[in-house]
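Visitor: Below is one structure. I have some questions about it.
The values are calculated or read from the model by the stated rules, or taken from the named source; none is laboratory data. Keep in mind that this is a model prediction, so the values were computed, not measured. Glycine gets a Cβ as well: all are built from the backbone with ideal geometry, and neighbour counts include every protein chain shown. Keep in mind that these areas ignore ligands, DNA and RNA; they rest on the heavy atoms of the full protein, side chains included. Shrake-Rupley method; radii C 1.70, N 1.55, O 1.52, S 1.80 Å.
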Amino acid sequence: MDYHGSSILDLPLNIVVDDILSSLPTKTIIHWRCVCWTFRNIISDKYFANLHLLRSPGCLVIHHFDVDGYLSAYTVNELKDKPYPNSPQHNQSMKFDLKENFPRAKLHLVCSANGFLCLRESDAHAVCICNPVMPEYLILPPPEHTHWNIWKVDYAFGYCPVTGQYKVVCLSRIETHDPATRSSSYKLEVEVYTLGTRTWRNTGHFTHRLRGRSGVLVNGKIYWLVNAEELCECPDSKWSFDFETELTEHVSLPPKFSEDVFSYISISLGFLRCCLCVCDNSSYSDLAIWVFNEGGVWTRDVFICKTSLRNWPFVDVIKHMAVLEDGDIVMFCAWENLFSYNFNKISSNHFNISGRYFDVSAHVTSFFSLREFEGENVEIF
Amino acid sequence: MEKQQTPFGFHKLIFILLILLSVSMSALGRDILSDIIELKIESHIASGGNFDSVTVELPNLTGKTLAKVIEYCKKHEESSEKTGELSEKWDGEFIGGVEVGMLMDLFLAGYELKIKGLNDLAASRIGGMMLGKTPEEIRVIFDIKEDPLCKKSKSPKEGERFARDNPWAFQ
């Protein structure tokens, strides 16, 4: 019989994983996983999951909402070749329909870390952690002392690289009014849940009013801007929660913002080149991004002159940022604008996204299984 | 290890190797050939081996594959002498013209012979063949006979889940 060469199944597994598989788009790997058991076992291996995460390009998750404002579906778009790789010949975006999987749930996306998405359900006080790629999910027990009013409860989700633990933080706003002294007090109760433990722990409280519902996760810490009301007393502060030590701390903003209270209103926190950054879009003429370096020093990293660009959203808050391999910065602005900025060509690009109501957040895809957390009841979509 | 103490063994080894290697193998070019031998010996020393008894295992390549590897190496040697840069167009035509079985052999040969360019070229071609393909299409392209539902399925339930896994979740 004629020799027709080796089969892909004859190749040594380690080189197939290192040289071919780990750099393929996630969607192709998912298809690959369904080809046969040999392939499936390779993908289920933790070695592969770790390698894939290292090489994984950034993704954008686009959240699609229904008319009531709840999450109905989300699409994951890898940012490898094109800022929004949705061209028909090379469609690598993955759509995940939540209405089909959770028909009556009123969901919001909280945060994502290492491919796990944290969703919250408005009616039932439930928090769900899922990895749509695997496709697995688990539902956390409700927090013990949480506020009955769901709108007074915020969640955060994060990963600590030092301990390797995933934690969910529940922040309940508790306001009390004393008619006798006509004074009111306010505090945020903090409860922490480590995945795999099945229990919530109360780690204390603090008294700041957070601005925005979701924080920004950077290197094991989550950051929030503190509300402008608080600003009068403490003008240059934002607040962080450390997923390793479970302690909170204040971090100063760049010196500019402590002098200029107005600009504080149109700044936002983001994640740029592995660092926390502050995006200042308050000026009509330019946009500046300040990066918080490891030594605790703020440097102005990006400066974009807006007047030379057409279609640039003026002074809206920039909600999300991601840097592509070719140096483009993708930004998402309030009022549903997703655009990218290219430094070499000094140009900006708008992306058209189908559907009317959407939001965007940063994400990476991963092949980590929730079954790693022993003690959790993992379900399959 | 005691590299200085065994110069004779080293030279003898190279001599024997050169005799043993076929004529076509030497057409790979001296640089590549000596690189292969050096690498094999280094790894032998690193694992605590003795010089006098080094056996160098050369990858199991068919004549057809070897001819292709040589074609690739020759072209790259020529073009790097002439212009200093390699022709991407030639690479594309070279790798695009081979069959799947040969592609796998070239990938393996590139890996075994430490010809990085060939290894990367074959890897990206194999990856490119999978892009945008359904599991069924991948099975046809790579001639995979193993049926996920019947063979090796640990339980009927798991097999069922396997079958609906991806297309069900991602549209």
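Visitor: May I ask which residue of B:Phe142, B:Ser79, B:Trp90 lies farthest towards the positive end of the charge dipole of segment B:61-147, with charges of +1 (Lys, Arg) and -1 (Asp, Glu) on Cβ and the Cα centre as origin?
Guide: Of B:Phe142, B:Ser79, B:Trp90, it is B:Ser79.
Visitor: What accessible area, in Å² to the nearest ten, does a 1.4 Å probe give for A:Thr245?
Guide: Its accessible surface works out to 70 Å², give or take rounding.
Visitor: I've got another one for you. Chains A and B: how much accessible area gets covered up at their contact, both sides added, probe 1.4 Å, in Å² to the nearest hundred? Don't skip to the end; give the middle numbers.
Guide: Details: alone 18880 and 12400 Å², together 27580 Å².
In total, this chain pair buries about 3700 Å².
Visitor: So what J values fall out for segment A:184-193 if you push phi through Karplus, 6.51 cos²θ - 1.76 cosθ + 1.60 with θ = phi - 60°, rounded to Hz, Gly and Pro as x?
Guide: Each residue of segment A:184-193 in turn: 10, 10, 9, 8, 10, 7, 10, 10, 10, 10 Hz.
Visitor: Here is a further query. In sequence order, what are the phi-derived ³J(HN,Hα) couplings for segment A:28-37 according to the Karplus relation 6.51 cos²θ - 1.76 cosθ + 1.60 with θ = phi - 60°, rounded to whole Hz, with x for glycine and proline?
Guide: Result, rounded to whole Hz: 5, 5, 5, 5, 4, 4, 8, 6, 7, 5.
Visitor: Of the cross-linked pairs B:Lys64/B:Lys116; B:Lys75/B:Lys116; B:Lys68/B:Lys145; A:Lys27/A:Lys167; A:Lys167/A:Lys221; B:Lys74/B:Lys116, which ones have a Cα-Cα span greater than 18 Å in the structure shown? Could you put the intermediate results ahead of the total?
Guide: On the way: B:Lys64/B:Lys116 20 Å; B:Lys75/B:Lys116 15 Å; B:Lys68/B:Lys145 27 Å; A:Lys27/A:Lys167 27 Å; A:Lys167/A:Lys221 11 Å; B:Lys74/B:Lys116 15 Å.
Pairs exceeding the cut-off: B:Lys64/B:Lys116; B:Lys68/B:Lys145; A:Lys27/A:Lys167.
Visitor: May I pose another question? Quote the FRET efficiency, to the nearest 0.05, computed for B:Thr62 versus A:Ile174 with a Förster distance R0 of 56 Å and r equal to the Cβ-Cβ distance.
Guide: Calculated value: 0.15.
Visitor: Would you grab the residues whose amide H sits under 5 Å from the one on A:Leu210? Only those 5+ places off in sequence or on another chain, please, with H modelled 1.01 Å from N.
Guide: A:Asn227
Visitor: If you don't mind, there's one more thing I want to ask. Enumerate the calculated ³J(HN,Hα) couplings along segment A:44-59 in order (Karplus 6.51 cos²θ - 1.76 cosθ + 1.60, θ = phi - 60°), each rounded to whole Hz, writing x wherever the residue is Gly or Pro.
Guide: Along segment A:44-59, the couplings run 6, 6, 5, 4, 5, 4, 5, 5, 4, 5, 4, 9, 5, x, x, 10 Hz.
Visitor: With a 1.4 Å probe and all protein chains kept in place, how much accessible area does A:Asp123 have, in Å² rounded to the nearest 10?
Guide: 110
Visitor: Given a Förster distance of 45 angstrom, what is the FRET efficiency for A:Asn202 paired with A:Asn101, based on the Cβ-Cβ distance and rounded to 0.05?
Guide: Working from the Cβ atoms, E equals 0.90.
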